[in-house]
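Let me begin by presenting the structure, written as structure tokens, before commenting on it.
The values are calculated or read from the model by the stated rules, or taken from the named source; none is laboratory data. This structure is a prediction, so every number in the text was calculated from the model and none was measured. Heads up, the Cβs are rebuilt from the backbone with ideal geometry, glycines too, and the neighbour counts pull from every protein chain shown. For accessibility, only protein heavy atoms count, side chains too; no ligands or nucleic acids. Shrake-Rupley method; radii C 1.70, N 1.55, O 1.52, S 1.80 Å.
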Amino acid sequence: MIDFWTTLQETIDLYFNDFTQKLYAICPNINEKEYKVCLMIKTELSFSDMSVLLFTSPQNITNIRKRLQKKFYYHNSNGKSFDDFVHDL
């Protein structure tokens with residue numbers, strides 16, 4: 001069976017110049033759920049879609065994004081600008 005997350009990662013890496021390698025180079029200590037949220041930010045999924053794919057609440061997605069901002073030392077409190085940061089990787 002083909003793994004959704006592996007396929008998503010490979011597709012994103014193909015179209016976005018090794019996105020995951022750049023992501024881990026900047027922040028090697030992200031966990032699996034945070035990594036998946038970054039992949040979904042890159043694909044511009046909504047919070048509600050992210051929460052369905054991760055079997056969690058939209059509020060938990062917001063909390064994960066806040067943790068990611070801290071891990072990336074990205075101190076702008078605007079979540080949209082963090083999404084733009086991920087898009088630019």
Pairs on different chains or at least eight residues apart, Cα atoms closer than 18 Å: how many lysine pairs in the chain fit?
19
Keeping the other protein chains in place, figure out the carbon and sulfur percent of the accessible area of the chain, with a 1.4 Å probe.
55
Expected 222 nm ellipticity per residue - DSSP helices of 4 or more, -39500 (n - 2.57), all of the chain, to 500:
-20500 deg cm²/dmol
Let me make sure I get this right: for the chain, a, b and c are the square roots of the gyration tensor eigenvalues over alpha carbons, sorted descending. Under 1.5 in a/c it's rounded, otherwise prolate if a/b > b/c, else oblate. Which is it?
oblate
Label model pair Leu8, Ser57: point-to-point distance (7 angstrom along the Cα→beta-carbon line) in nm is 2.1
Exposed loop chymotrypsin sites (Phe, Trp or Tyr not before Pro) only (DSSP loop, at most 10 other Cβ atoms within 10 Å): please give the longest stretch of the chain free of them, not including the sites.
1-54
Over the chain, with the other protein chains present, what is the accessible area per residue in square angstrom, probe 1.4 angstrom?
62
